[in-house]
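Chemist: Below you'll find the structure I mean.
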Amino acid sequence: QDFKGKYPKQLWGLFFSEMWERFCFYGMRGVLTYFMVTHLILNTGGHMNAVQANLQYGATQAFVYAFTFIGGLFADKILGFRKSLFWGGILMIVGSAILAFDPFPENNFFLGISFTVIGTGFFKPNISTMVGSLYKRDDSRRDAGFSLFYSGINIGALLGGYACIAIGKGQLFTSFIPAQYTWNVAFGLAGVVMTISLITFLFTQKTLGPIGLSPFRNKEEDVVKVVRVEGIETVKPKEPAVIPVKVKSGKGWYEYAVYALTLALIPVIMTMVAKTEYTDYFMYIIGPATLVYLVYEMTKHTWAESKKLIAALVFILFSIIFWAFFEQSGGSLSIFAAQNLNNVVAGTLVLDPNGVNNAANSVFVIIFAPLVGLVWVALAKKKIEPNTVIKFGMGFLFLAAGFYVLYATRFFEVVAGSGIASLDVFVLAYFVITFGELCLSPIGLSIMTKLSPQKLQGVMMGMWFLASAYGQYVAGILGAGLSEGGENDSLPQKLATFTDGYYQLAIYALIAGVVLIAISPLVRKLMQEVK
Ligand code: GLN
(Lines give C-alpha, C1' and ligand atoms only; values in the text may rest on other atoms or scores of the structure.)
Protein backbone atom coordinates (compact mmCIF):
# COMPACT_ATOMS: atom_id res chain seq x y z
CA GLN A 1 0.00 0.00 0.00
CA ASP A 2 1.24 3.43 -0.82
CA PHE A 3 -0.39 6.49 0.63
CA LYS A 4 2.52 8.65 -0.38
CA GLY A 5 2.85 11.94 -2.22
CA LYS A 6 1.62 15.40 -1.32
CA TYR A 7 -1.90 14.25 -2.11
CA PRO A 8 -2.08 10.41 -2.12
CA LYS A 9 -3.93 8.88 -5.08
CA GLN A 10 -6.50 7.36 -2.73
CA LEU A 11 -7.38 10.89 -1.66
CA TRP A 12 -8.27 11.72 -5.26
CA GLY A 13 -10.57 8.69 -5.40
CA LEU A 14 -12.37 9.81 -2.27
CA PHE A 15 -12.34 13.37 -3.59
CA PHE A 16 -14.30 12.44 -6.74
CA SER A 17 -16.61 10.08 -4.93
CA GLU A 18 -17.55 12.82 -2.45
CA MET A 19 -17.74 15.41 -5.22
CA TRP A 20 -20.46 13.44 -7.04
CA GLU A 21 -22.28 12.66 -3.80
CA ARG A 22 -22.37 16.37 -2.97
CA PHE A 23 -23.66 17.03 -6.51
CA CYS A 24 -26.59 14.77 -5.73
CA PHE A 25 -27.11 16.18 -2.24
CA TYR A 26 -26.84 19.88 -3.09
CA GLY A 27 -28.81 19.31 -6.27
CA MET A 28 -31.73 18.01 -4.18
CA ARG A 29 -31.23 20.63 -1.48
CA GLY A 30 -31.20 23.42 -4.07
CA VAL A 31 -34.61 22.51 -5.50
CA LEU A 32 -36.35 21.55 -2.26
CA THR A 33 -37.95 24.80 -1.12
CA TYR A 34 -38.76 26.06 -4.60
CA PHE A 35 -40.27 22.76 -5.67
CA MET A 36 -42.46 22.47 -2.56
CA VAL A 37 -43.90 25.94 -3.10
CA THR A 38 -44.47 25.70 -6.84
CA HIS A 39 -44.96 22.09 -7.97
CA LEU A 40 -45.57 19.68 -5.13
CA ILE A 41 -49.20 18.60 -4.97
CA LEU A 42 -50.20 18.28 -1.33
CA ASN A 43 -52.71 15.70 -0.18
CA THR A 44 -55.05 18.64 0.40
CA GLY A 45 -54.73 19.55 -3.28
CA GLY A 46 -52.77 22.82 -3.19
CA HIS A 47 -49.09 23.76 -2.96
CA MET A 48 -47.15 24.62 0.17
CA ASN A 49 -46.88 28.20 1.44
CA ALA A 50 -43.45 29.78 1.81
CA VAL A 51 -43.35 29.76 5.61
CA GLN A 52 -44.21 26.07 5.78
CA ALA A 53 -41.71 25.28 3.00
CA ASN A 54 -38.94 27.05 4.92
CA LEU A 55 -39.71 25.12 8.08
CA GLN A 56 -39.83 21.89 6.11
CA TYR A 57 -36.52 22.73 4.48
CA GLY A 58 -34.93 23.41 7.88
CA ALA A 59 -36.32 20.15 9.26
CA THR A 60 -34.92 18.16 6.36
CA GLN A 61 -31.49 19.73 6.72
CA ALA A 62 -31.44 19.12 10.45
CA PHE A 63 -32.42 15.45 9.96
CA VAL A 64 -29.80 14.94 7.26
CA TYR A 65 -27.00 16.01 9.53
CA ALA A 66 -28.50 14.37 12.60
CA PHE A 67 -28.54 11.00 10.85
CA THR A 68 -24.81 11.23 10.25
CA PHE A 69 -24.41 10.31 13.90
CA ILE A 70 -26.38 7.12 13.37
CA GLY A 71 -24.52 6.41 10.12
CA GLY A 72 -21.20 6.86 11.91
CA LEU A 73 -22.25 4.70 14.84
CA PHE A 74 -23.30 1.75 12.67
CA ALA A 75 -20.13 2.10 10.62
CA ASP A 76 -17.96 1.84 13.70
CA LYS A 77 -19.82 -0.99 15.33
CA ILE A 78 -21.02 -3.17 12.50
CA LEU A 79 -20.72 -2.23 8.85
CA GLY A 80 -17.32 -0.60 8.53
CA PHE A 81 -16.97 2.60 6.52
CA ARG A 82 -17.06 1.02 3.09
CA LYS A 83 -20.30 -0.88 3.46
CA SER A 84 -21.91 2.09 5.22
CA LEU A 85 -20.96 4.32 2.36
CA PHE A 86 -22.34 1.87 -0.16
CA TRP A 87 -25.55 1.40 1.71
CA GLY A 88 -25.96 5.16 2.01
CA GLY A 89 -25.25 5.64 -1.68
CA ILE A 90 -27.80 3.04 -2.68
CA LEU A 91 -30.45 4.65 -0.48
CA MET A 92 -29.70 8.01 -2.08
CA ILE A 93 -30.05 6.49 -5.56
CA VAL A 94 -33.36 4.91 -4.60
CA GLY A 95 -34.51 8.27 -3.22
CA SER A 96 -33.64 10.03 -6.46
CA ALA A 97 -35.27 7.28 -8.51
CA ILE A 98 -38.55 7.64 -6.60
CA LEU A 99 -38.47 11.38 -7.23
CA ALA A 100 -37.47 10.95 -10.85
CA PHE A 101 -40.37 8.64 -11.48
CA ASP A 102 -43.14 10.94 -10.21
CA PRO A 103 -42.16 13.61 -7.69
CA PHE A 104 -45.37 15.60 -7.68
CA PRO A 105 -47.66 13.79 -5.19
CA GLU A 106 -46.81 14.62 -1.57
CA ASN A 107 -46.37 11.00 -0.49
CA ASN A 108 -43.87 10.15 -3.24
CA PHE A 109 -41.96 13.30 -2.60
CA PHE A 110 -41.47 12.75 1.10
CA LEU A 111 -40.72 9.08 0.57
CA GLY A 112 -37.92 10.00 -1.87
CA ILE A 113 -36.60 12.71 0.43
CA SER A 114 -36.55 10.32 3.39
CA PHE A 115 -34.40 7.85 1.47
CA THR A 116 -32.02 10.68 0.63
CA VAL A 117 -31.91 11.91 4.23
CA ILE A 118 -30.98 8.57 5.73
CA GLY A 119 -28.70 7.66 2.81
CA THR A 120 -26.70 10.83 3.37
CA GLY A 121 -26.40 9.88 7.03
CA PHE A 122 -24.67 6.64 6.05
CA PHE A 123 -22.50 8.17 3.33
CA LYS A 124 -21.35 11.61 4.44
CA PRO A 125 -19.48 11.08 7.72
CA ASN A 126 -17.86 7.83 6.66
CA ILE A 127 -16.13 9.08 3.56
CA SER A 128 -14.60 11.91 5.61
CA THR A 129 -13.36 9.39 8.17
CA MET A 130 -11.68 7.37 5.44
CA VAL A 131 -9.82 10.47 4.28
CA GLY A 132 -8.44 10.71 7.81
CA SER A 133 -7.35 7.05 7.72
CA LEU A 134 -5.00 7.78 4.82
CA TYR A 135 -2.64 9.55 7.19
CA LYS A 136 -0.65 8.60 10.23
CA ARG A 137 -1.61 10.35 13.43
CA ASP A 138 0.99 13.10 13.27
CA ASP A 139 1.17 13.47 9.48
CA SER A 140 1.45 17.16 8.60
CA ARG A 141 -0.26 16.54 5.24
CA ARG A 142 -3.56 15.73 6.91
CA ASP A 143 -5.04 19.25 7.13
CA ALA A 144 -3.94 19.98 3.57
CA GLY A 145 -5.55 16.72 2.44
CA PHE A 146 -8.83 17.73 4.04
CA SER A 147 -8.58 21.17 2.44
CA LEU A 148 -8.31 19.56 -0.98
CA PHE A 149 -11.15 17.18 -0.18
CA TYR A 150 -13.19 20.24 0.78
CA SER A 151 -12.67 21.71 -2.70
CA GLY A 152 -14.17 18.53 -4.12
CA ILE A 153 -17.18 18.96 -1.84
CA ASN A 154 -17.74 22.44 -3.18
CA ILE A 155 -17.21 21.62 -6.85
CA GLY A 156 -19.98 19.05 -6.48
CA ALA A 157 -22.12 21.50 -4.49
CA LEU A 158 -21.73 24.20 -7.11
CA LEU A 159 -22.43 21.98 -10.13
CA GLY A 160 -25.36 20.14 -8.53
CA GLY A 161 -26.81 23.29 -6.99
CA TYR A 162 -26.76 24.93 -10.40
CA ALA A 163 -27.73 22.06 -12.69
CA CYS A 164 -30.70 20.56 -10.86
CA ILE A 165 -32.62 23.79 -10.33
CA ALA A 166 -31.81 25.05 -13.85
CA ILE A 167 -33.02 21.81 -15.43
CA GLY A 168 -36.08 21.70 -13.19
CA LYS A 169 -37.02 25.27 -14.05
CA GLY A 170 -36.60 24.43 -17.74
CA GLN A 171 -33.62 26.72 -18.33
CA LEU A 172 -31.06 24.10 -19.31
CA PHE A 173 -31.04 21.54 -22.15
CA THR A 174 -34.46 22.80 -23.18
CA SER A 175 -34.28 21.24 -26.61
CA PHE A 176 -33.77 17.74 -25.15
CA ILE A 177 -36.15 17.74 -22.21
CA PRO A 178 -39.91 17.95 -22.77
CA ALA A 179 -41.32 20.75 -20.59
CA GLN A 180 -43.54 18.44 -18.51
CA TYR A 181 -40.57 16.24 -17.51
CA THR A 182 -38.01 18.82 -16.42
CA TRP A 183 -38.39 18.00 -12.71
CA ASN A 184 -38.25 14.27 -13.33
CA VAL A 185 -34.99 14.79 -15.20
CA ALA A 186 -33.59 17.06 -12.48
CA PHE A 187 -34.18 14.45 -9.78
CA GLY A 188 -33.08 11.67 -12.10
CA LEU A 189 -29.82 13.45 -12.79
CA ALA A 190 -29.08 13.52 -9.05
CA GLY A 191 -29.51 9.73 -9.01
CA VAL A 192 -27.33 9.17 -12.07
CA VAL A 193 -24.57 11.28 -10.58
CA MET A 194 -24.85 9.38 -7.29
CA THR A 195 -24.34 6.18 -9.26
CA ILE A 196 -21.13 7.66 -10.70
CA SER A 197 -20.06 8.41 -7.12
CA LEU A 198 -20.49 4.76 -6.10
CA ILE A 199 -18.71 3.46 -9.21
CA THR A 200 -15.82 5.82 -8.43
CA PHE A 201 -15.69 4.44 -4.92
CA LEU A 202 -15.78 0.89 -6.22
CA PHE A 203 -12.49 1.53 -8.00
CA THR A 204 -11.04 3.53 -5.14
CA GLN A 205 -11.69 0.91 -2.49
CA LYS A 206 -9.37 -1.52 -4.23
CA THR A 207 -6.49 0.80 -3.34
CA LEU A 208 -7.49 1.36 0.27
CA GLY A 209 -5.84 -1.65 1.87
CA PRO A 210 -7.58 -2.38 5.16
CA ILE A 211 -9.21 1.04 5.50
CA GLY A 212 -12.94 0.95 6.02
CA LEU A 213 -13.40 -2.81 6.29
CA SER A 214 -16.09 -4.05 8.62
CA PRO A 215 -15.02 -5.15 12.10
CA PHE A 216 -17.09 -8.28 11.48
CA ARG A 217 -15.30 -10.33 8.91
CA ASN A 218 -15.66 -13.97 8.39
CA LYS A 219 -12.81 -14.62 6.07
CA GLU A 220 -9.39 -15.39 7.54
CA GLU A 221 -7.57 -13.84 4.59
CA ASP A 222 -8.93 -10.37 5.36
CA VAL A 223 -7.14 -10.51 8.65
CA VAL A 224 -3.93 -11.78 7.18
CA LYS A 225 -4.07 -8.96 4.69
CA VAL A 226 -4.35 -6.44 7.46
CA VAL A 227 -1.33 -7.74 9.26
CA ARG A 228 0.79 -7.83 6.13
CA VAL A 229 0.17 -4.27 5.07
CA GLU A 230 3.25 -2.22 5.61
CA GLY A 231 3.69 1.45 6.14
CA ILE A 232 0.33 1.88 7.83
CA GLU A 233 -0.05 2.54 11.50
CA THR A 234 -2.24 -0.53 11.90
CA VAL A 235 0.70 -2.77 12.28
CA LYS A 236 2.59 -0.62 14.70
CA PRO A 237 2.35 -2.58 17.93
CA LYS A 238 1.83 0.41 20.23
CA GLU A 239 -0.95 2.12 18.35
CA PRO A 240 -4.50 0.90 18.22
CA ALA A 241 -5.17 -0.95 15.00
CA VAL A 242 -7.12 0.81 12.29
CA ILE A 243 -9.15 -2.34 11.92
CA PRO A 244 -9.63 -4.69 14.84
CA VAL A 245 -7.52 -7.67 13.86
CA LYS A 246 -9.55 -10.20 15.73
CA VAL A 247 -12.15 -11.80 13.55
CA LYS A 248 -15.56 -11.68 15.09
CA SER A 249 -17.02 -14.37 12.96
CA GLY A 250 -20.56 -15.58 12.81
CA LYS A 251 -22.08 -12.14 13.43
CA GLY A 252 -22.81 -11.52 9.76
CA TRP A 253 -26.51 -11.16 10.46
CA TYR A 254 -25.84 -7.92 12.36
CA GLU A 255 -25.21 -6.38 8.99
CA TYR A 256 -28.59 -7.42 7.62
CA ALA A 257 -30.25 -6.24 10.80
CA VAL A 258 -28.83 -2.75 10.15
CA TYR A 259 -30.22 -2.77 6.62
CA ALA A 260 -33.62 -3.90 7.86
CA LEU A 261 -33.64 -1.31 10.63
CA THR A 262 -32.79 1.44 8.17
CA LEU A 263 -35.70 0.53 5.95
CA ALA A 264 -38.00 0.40 8.96
CA LEU A 265 -36.91 3.94 9.82
CA ILE A 266 -38.03 5.36 6.46
CA PRO A 267 -41.72 5.78 7.40
CA VAL A 268 -40.67 7.26 10.74
CA ILE A 269 -38.54 9.87 8.99
CA MET A 270 -41.34 10.55 6.54
CA THR A 271 -43.67 11.39 9.40
CA MET A 272 -41.11 13.47 11.26
CA VAL A 273 -40.06 15.50 8.23
CA ALA A 274 -43.68 16.16 7.33
CA LYS A 275 -44.56 17.45 10.81
CA THR A 276 -41.98 20.08 11.69
CA GLU A 277 -42.89 20.19 15.39
CA TYR A 278 -41.52 16.64 15.63
CA THR A 279 -38.21 18.07 14.48
CA ASP A 280 -38.14 20.22 17.62
CA TYR A 281 -38.65 17.18 19.86
CA PHE A 282 -36.07 15.24 17.90
CA MET A 283 -33.52 18.01 18.29
CA TYR A 284 -34.18 18.24 22.03
CA ILE A 285 -33.49 14.53 22.39
CA ILE A 286 -30.74 13.55 19.96
CA GLY A 287 -28.04 15.94 21.27
CA PRO A 288 -28.34 15.02 24.97
CA ALA A 289 -28.67 11.34 23.99
CA THR A 290 -25.39 11.42 22.07
CA LEU A 291 -23.71 13.14 25.01
CA VAL A 292 -24.88 10.42 27.37
CA TYR A 293 -23.62 7.82 24.92
CA LEU A 294 -20.26 9.56 24.70
CA VAL A 295 -19.88 9.63 28.49
CA TYR A 296 -20.66 5.90 28.51
CA GLU A 297 -17.96 5.32 25.87
CA MET A 298 -15.52 7.39 27.92
CA THR A 299 -15.92 5.02 30.83
CA LYS A 300 -14.63 2.28 28.53
CA HIS A 301 -11.61 4.30 27.42
CA THR A 302 -8.53 5.53 29.24
CA TRP A 303 -8.49 8.98 30.84
CA ALA A 304 -5.99 10.15 28.21
CA GLU A 305 -8.37 9.10 25.42
CA SER A 306 -11.33 10.64 27.22
CA LYS A 307 -9.54 13.97 27.54
CA LYS A 308 -9.15 14.01 23.77
CA LEU A 309 -12.85 13.31 23.40
CA ILE A 310 -13.62 16.26 25.67
CA ALA A 311 -11.42 18.45 23.47
CA ALA A 312 -13.31 17.16 20.43
CA LEU A 313 -16.53 18.13 22.17
CA VAL A 314 -15.27 21.70 22.66
CA PHE A 315 -14.67 21.95 18.89
CA ILE A 316 -18.06 20.44 18.20
CA LEU A 317 -19.87 22.89 20.50
CA PHE A 318 -18.13 25.93 19.01
CA SER A 319 -18.90 24.68 15.52
CA ILE A 320 -22.62 24.82 16.33
CA ILE A 321 -22.27 28.58 16.79
CA PHE A 322 -20.26 28.83 13.59
CA TRP A 323 -22.82 26.97 11.45
CA ALA A 324 -25.75 28.80 13.01
CA PHE A 325 -24.29 32.06 11.69
CA PHE A 326 -22.82 30.65 8.49
CA GLU A 327 -26.06 28.96 7.46
CA GLN A 328 -27.83 32.31 7.29
CA SER A 329 -26.83 31.95 3.65
CA GLY A 330 -29.68 29.53 2.97
CA GLY A 331 -32.16 31.57 5.01
CA SER A 332 -32.09 35.26 5.89
CA LEU A 333 -29.31 36.10 3.43
CA SER A 334 -31.30 34.73 0.52
CA ILE A 335 -34.21 37.00 1.46
CA PHE A 336 -31.78 39.88 1.93
CA ALA A 337 -30.27 39.11 -1.49
CA ALA A 338 -33.68 38.97 -3.13
CA GLN A 339 -34.88 42.33 -1.86
CA ASN A 340 -31.94 44.52 -0.82
CA LEU A 341 -29.20 44.04 -3.42
CA ASN A 342 -28.57 45.31 -6.93
CA ASN A 343 -27.53 42.89 -9.65
CA VAL A 344 -24.21 44.16 -10.96
CA VAL A 345 -20.78 42.91 -9.94
CA ALA A 346 -17.61 44.91 -10.67
CA GLY A 347 -19.56 47.47 -12.64
CA THR A 348 -20.16 45.16 -15.62
CA LEU A 349 -21.29 41.66 -14.78
CA VAL A 350 -25.07 41.39 -14.44
CA LEU A 351 -25.90 38.55 -12.03
CA ASP A 352 -28.95 37.41 -10.13
CA PRO A 353 -28.17 38.29 -6.47
CA ASN A 354 -29.73 35.01 -5.31
CA GLY A 355 -27.54 33.07 -7.70
CA VAL A 356 -24.56 34.95 -6.28
CA ASN A 357 -25.73 34.18 -2.76
CA ASN A 358 -25.88 30.46 -3.60
CA ALA A 359 -22.65 30.21 -5.56
CA ALA A 360 -20.15 32.76 -4.20
CA ASN A 361 -19.12 30.67 -1.21
CA SER A 362 -18.53 27.50 -3.25
CA VAL A 363 -16.55 29.36 -5.89
CA PHE A 364 -14.31 30.93 -3.25
CA VAL A 365 -13.81 27.56 -1.52
CA ILE A 366 -12.82 25.89 -4.79
CA ILE A 367 -10.30 28.63 -5.54
CA PHE A 368 -8.86 29.11 -2.08
CA ALA A 369 -9.08 25.74 -0.29
CA PRO A 370 -5.98 24.31 -1.99
CA LEU A 371 -4.16 27.57 -1.35
CA VAL A 372 -5.04 27.55 2.35
CA GLY A 373 -3.96 23.89 2.46
CA LEU A 374 -0.59 24.78 0.98
CA VAL A 375 -0.20 27.65 3.45
CA TRP A 376 -0.66 25.20 6.35
CA VAL A 377 1.96 22.85 4.89
CA ALA A 378 4.39 25.74 4.30
CA LEU A 379 3.89 27.05 7.84
CA ALA A 380 4.34 23.53 9.22
CA LYS A 381 7.67 23.29 7.42
CA LYS A 382 8.79 26.49 9.13
CA LYS A 383 7.41 25.11 12.38
CA ILE A 384 5.06 28.05 12.79
CA GLU A 385 1.77 26.43 11.81
CA PRO A 386 -0.95 27.61 14.21
CA ASN A 387 -2.50 24.77 16.20
CA THR A 388 -6.07 23.68 15.61
CA VAL A 389 -7.59 25.71 18.44
CA ILE A 390 -6.04 28.89 17.06
CA LYS A 391 -7.19 27.97 13.54
CA PHE A 392 -10.73 27.60 14.87
CA GLY A 393 -10.40 30.93 16.66
CA MET A 394 -9.24 32.51 13.39
CA GLY A 395 -12.28 30.97 11.72
CA PHE A 396 -14.52 32.94 14.07
CA LEU A 397 -12.53 36.14 13.55
CA PHE A 398 -13.00 35.85 9.78
CA LEU A 399 -16.67 35.07 10.35
CA ALA A 400 -16.96 38.21 12.50
CA ALA A 401 -15.20 40.30 9.86
CA GLY A 402 -17.47 38.87 7.15
CA PHE A 403 -20.61 39.71 9.08
CA TYR A 404 -19.21 43.16 9.74
CA VAL A 405 -18.91 43.59 5.96
CA LEU A 406 -22.54 42.46 5.62
CA TYR A 407 -23.46 45.12 8.17
CA ALA A 408 -21.43 47.63 6.18
CA THR A 409 -23.51 47.04 3.05
CA ARG A 410 -25.84 49.69 4.53
CA PHE A 411 -23.15 52.32 3.81
CA PHE A 412 -22.93 51.24 0.16
CA GLU A 413 -26.34 51.85 -1.28
CA VAL A 414 -26.34 52.12 -5.08
CA VAL A 415 -28.55 55.21 -4.78
CA ALA A 416 -28.52 56.89 -1.38
CA GLY A 417 -31.73 56.18 0.52
CA SER A 418 -32.89 53.45 -1.92
CA GLY A 419 -32.41 50.55 0.47
CA ILE A 420 -30.62 48.69 -2.35
CA ALA A 421 -27.05 47.90 -1.40
CA SER A 422 -24.01 47.03 -3.49
CA LEU A 423 -23.66 43.43 -4.63
CA ASP A 424 -19.89 43.96 -4.75
CA VAL A 425 -19.73 44.51 -1.00
CA PHE A 426 -21.95 41.46 -0.47
CA VAL A 427 -19.54 39.34 -2.52
CA LEU A 428 -16.66 40.71 -0.48
CA ALA A 429 -18.44 39.53 2.68
CA TYR A 430 -18.66 35.99 1.28
CA PHE A 431 -14.99 36.16 0.35
CA VAL A 432 -14.08 36.92 3.97
CA ILE A 433 -16.54 34.40 5.47
CA THR A 434 -15.15 31.66 3.20
CA PHE A 435 -11.71 32.06 4.78
CA GLY A 436 -13.41 31.56 8.13
CA GLU A 437 -15.01 28.37 6.86
CA LEU A 438 -11.66 27.15 5.54
CA CYS A 439 -10.04 27.70 8.94
CA LEU A 440 -12.75 25.70 10.65
CA SER A 441 -14.61 23.18 8.54
CA PRO A 442 -11.88 21.08 6.83
CA ILE A 443 -9.78 21.45 9.98
CA GLY A 444 -12.72 20.20 12.01
CA LEU A 445 -12.98 17.03 9.89
CA SER A 446 -9.27 16.54 10.29
CA ILE A 447 -9.16 17.05 14.06
CA MET A 448 -12.07 14.64 14.62
CA THR A 449 -10.01 11.92 12.96
CA LYS A 450 -7.01 12.84 15.13
CA LEU A 451 -8.77 13.03 18.48
CA SER A 452 -11.01 9.98 18.25
CA PRO A 453 -9.85 6.56 19.36
CA GLN A 454 -9.98 4.07 16.52
CA LYS A 455 -13.24 2.47 17.51
CA LEU A 456 -15.07 5.80 17.74
CA GLN A 457 -13.94 7.42 14.49
CA GLY A 458 -17.31 7.14 12.82
CA VAL A 459 -19.32 8.21 15.86
CA MET A 460 -17.18 11.29 16.42
CA MET A 461 -17.38 12.28 12.76
CA GLY A 462 -21.13 11.84 13.11
CA MET A 463 -21.10 14.14 16.13
CA TRP A 464 -19.16 16.72 14.17
CA PHE A 465 -21.94 16.76 11.58
CA LEU A 466 -24.58 16.64 14.29
CA ALA A 467 -23.25 20.07 15.26
CA SER A 468 -24.16 21.13 11.73
CA ALA A 469 -27.66 19.82 12.34
CA TYR A 470 -27.97 22.05 15.40
CA GLY A 471 -26.32 24.87 13.47
CA GLN A 472 -28.94 24.56 10.73
CA TYR A 473 -31.68 24.40 13.31
CA VAL A 474 -30.50 27.48 15.20
CA ALA A 475 -29.80 29.25 11.90
CA GLY A 476 -33.48 28.92 11.04
CA ILE A 477 -34.50 30.45 14.37
CA LEU A 478 -31.97 33.29 14.05
CA GLY A 479 -32.95 33.86 10.44
CA ALA A 480 -36.63 34.03 11.33
CA GLY A 481 -35.77 36.63 13.98
CA LEU A 482 -33.73 38.65 11.50
CA SER A 483 -36.46 38.58 8.88
CA GLU A 484 -39.10 39.68 11.37
CA GLY A 485 -39.14 43.28 10.16
CA GLY A 486 -42.68 44.13 9.07
CA GLU A 487 -43.74 42.88 5.65
CA ASN A 488 -44.74 46.42 4.79
CA ASP A 489 -41.49 48.08 5.87
CA SER A 490 -39.81 50.19 3.23
CA LEU A 491 -36.63 48.83 1.61
CA PRO A 492 -34.37 51.21 3.59
CA GLN A 493 -36.06 50.03 6.80
CA LYS A 494 -35.52 46.41 5.78
CA LEU A 495 -31.88 47.13 4.99
CA ALA A 496 -31.48 48.64 8.45
CA THR A 497 -33.17 45.68 10.19
CA PHE A 498 -31.05 43.05 8.43
CA THR A 499 -27.77 44.88 8.82
CA ASP A 500 -28.44 45.61 12.51
CA GLY A 501 -28.86 41.85 12.92
CA TYR A 502 -25.63 41.09 11.04
CA TYR A 503 -23.82 43.59 13.25
CA GLN A 504 -24.92 41.63 16.30
CA LEU A 505 -23.82 38.36 14.76
CA ALA A 506 -20.43 39.94 14.00
CA ILE A 507 -20.03 40.86 17.67
CA TYR A 508 -21.02 37.38 18.88
CA ALA A 509 -18.66 35.73 16.39
CA LEU A 510 -15.88 38.00 17.61
CA ILE A 511 -16.59 37.07 21.23
CA ALA A 512 -16.62 33.35 20.35
CA GLY A 513 -13.26 33.69 18.58
CA VAL A 514 -11.68 35.60 21.47
CA VAL A 515 -13.01 33.12 24.04
CA LEU A 516 -11.69 30.18 22.03
CA ILE A 517 -8.25 31.71 21.65
CA ALA A 518 -8.25 32.58 25.36
CA ILE A 519 -9.05 29.01 26.41
CA SER A 520 -6.72 27.51 23.82
CA PRO A 521 -4.00 26.53 26.36
CA LEU A 522 -6.61 24.56 28.27
CA VAL A 523 -7.96 22.81 25.18
CA ARG A 524 -4.44 22.02 24.04
CA LYS A 525 -3.76 20.36 27.36
CA LEU A 526 -6.76 18.12 26.78
CA MET A 527 -5.52 17.34 23.29
CA GLN A 528 -2.12 16.27 24.65
CA GLU A 529 0.25 15.43 21.78
CA VAL A 530 -2.35 16.15 19.06
CA LYS A 531 -1.76 19.49 17.33
N1 GLN B 1 -20.34 22.49 3.04
C2 GLN B 1 -19.78 21.39 3.71
C3 GLN B 1 -20.30 20.08 3.20
O4 GLN B 1 -21.30 19.99 2.55
C5 GLN B 1 -19.95 21.48 5.20
C6 GLN B 1 -21.33 21.25 5.63
C7 GLN B 1 -21.49 21.30 7.11
O8 GLN B 1 -20.77 20.65 7.86
N9 GLN B 1 -22.42 22.02 7.57
O10 GLN B 1 -19.71 19.07 3.46
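The values are calculated or read from the model by the stated rules, or taken from the named source; none is laboratory data. Treat the numbers as computed from the prediction; the structure is a model and nothing was measured. Here Cβ is always computed from backbone atoms with ideal geometry, including for glycine, and neighbour counts include all displayed protein chains.
Chemist: Can you name every residue in the range 347-386 that is surrounded by 13 or more Cβ atoms within 10 Å (Cβ to Cβ), modelled with pLDDT under 90, out of contact with any Leu (no Cβ under 8 Å at 6 or more places or on another chain) and not hydrophobic (A, V, I, L, M, F, W, C)?
Modeler: Selection gives ASP352, ASN354, GLY355, ASN358.
Chemist: Search the range 127-144 for residues being among the basic types (Lys, Arg) and not in a helix (DSSP H, G or I), and hand back the single one that is farthest from ILE443 (Cα to Cα). It would help to see each step written out before you state the result.
Modeler: Keep residues of the range 127-144 that are among the basic types (Lys, Arg), which gives 136-137, 141-142.
Okay, now just the ones that are also not in a helix (DSSP H, G or I), so 136-137, 141.
Numbers: LYS136: 16, ARG137: 14, ARG141: 12 Å.
Among those that are among the basic types (Lys, Arg) and not in a helix (DSSP H, G or I), it is LYS136.
Chemist: Please note which helices (runs of 4 or more DSSP H) are completely contained in the range 1-116 and include at least 3 residues that are in contact with a Lys or Arg (Cβ under 8 Å, 6 or more places away or on another chain) and within 16 Å of the ligand (Cβ to nearest atom).
Modeler: Working: elements: 9-38, 50-74, 80-101.
The qualifying helices (runs of 4 or more DSSP H) are 50-74.
Chemist: Find the residue count for the range 155-177, including only residues that are closer than 25 Å to ARG29 by Cα and surrounded by fewer than 24 Cβ atoms within 10 Å (Cβ to Cβ).
Modeler: First, pick out the residues of the range 155-177 that are closer than 25 Å to ARG29 by Cα: 155-174, 176-177.
From what's left, surrounded by fewer than 24 Cβ atoms within 10 Å (Cβ to Cβ): 155, 158-159, 162-163, 165-166, 169-174, 176-177.
So the answer is 15.
Chemist: Tally the residues that are within 27 Å of PRO125 (Cα to Cα) and surrounded by 23 or more Cβ atoms within 10 Å (Cβ to Cβ), restricting the search to the range 31-53.
Modeler: So the answer is 1.
Chemist: If you don't mind, there's one more thing I want to ask. Which residue out of LYS455, LYS494 is closer than 30 Å to VAL131 by Cβ, in contact with a helix residue (DSSP H, G or I) (Cβ under 8 Å, 6 or more places away or on another chain) and at pLDDT below 90?
Modeler: On the way: LYS494 fails: closer than 30 Å to VAL131 by Cβ.
After ruling out the rest, the residue left standing is LYS455.
Chemist: Which members of the range 145-168 meet the condition of being farther than 15 Å from GLY444 by Cβ and either more than 16 Å from the ligand (Cβ to nearest atom) or among the aliphatic types (A, V, I, L, M) (or both)?
Modeler: Matches in the range 145-168: LEU148, ILE155, ALA157, LEU158, LEU159, ALA163, ILE165, ALA166, ILE167, GLY168.
Chemist: Follow-up question, since we're still on this one. Taking the criterion of being in contact (Cβ under 8 Å) with a residue 60 or more places away in the chain, exposed (fewer than 15 other Cβ atoms within 10 Å of the Cβ) and not in a helix (DSSP H, G or I), would at least one residue in the range 329-346 satisfy it?
Modeler: yes
Chemist: Picking from PHE403, PHE431, PHE426, which residue would you name as being of a type in the set (A, V, I, L, M, F, W, C), away from the ligand (no atom under 16 Å from the Cβ), more than 24 Å from PRO521 (Cβ to Cβ) and surrounded by fewer than 22 Cβ atoms within 10 Å (Cβ to Cβ)? Full working, then the answer.
Modeler: Working: PHE403 fails: surrounded by fewer than 22 Cβ atoms within 10 Å (Cβ to Cβ); PHE426 fails: surrounded by fewer than 22 Cβ atoms within 10 Å (Cβ to Cβ).
So the residue among PHE403, PHE431, PHE426 that is of a type in the set (A, V, I, L, M, F, W, C), away from the ligand (no atom under 16 Å from the Cβ), more than 24 Å from PRO521 (Cβ to Cβ) and surrounded by fewer than 22 Cβ atoms within 10 Å (Cβ to Cβ) is PHE431.
Chemist: Could I ask something else about it? Does the range 476-488 contain any residue that is hydroxyl-bearing (Ser, Thr, Tyr), away from the ligand (no atom under 16 Å from the Cβ) and either buried (at least 16 other Cβ atoms within 10 Å of the Cβ) or modelled with pLDDT of 90 or more (or both)? Steps first, please.
Modeler: Taking the range 476-488 first, the residues hydroxyl-bearing (Ser, Thr, Tyr) are 483.
Right, trim to away from the ligand (no atom under 16 Å from the Cβ) and you get 483.
Those left that are additionally either buried (at least 16 other Cβ atoms within 10 Å of the Cβ) or modelled with pLDDT of 90 or more (or both): 483.
Within the range 476-488 (the criterion being hydroxyl-bearing (Ser, Thr, Tyr), away from the ligand (no atom under 16 Å from the Cβ) and either buried (at least 16 other Cβ atoms within 10 Å of the Cβ) or modelled with pLDDT of 90 or more (or both)), the answer is yes, since at least one residue qualifies.
Chemist: Conditions: (1) more than 24 Å from LYS307 (Cβ to Cβ); (2) in contact (Cβ under 8 Å) with a residue 60 or more places away in the chain. GLU487 meets all but one. Number of the miss?
Modeler: (2)
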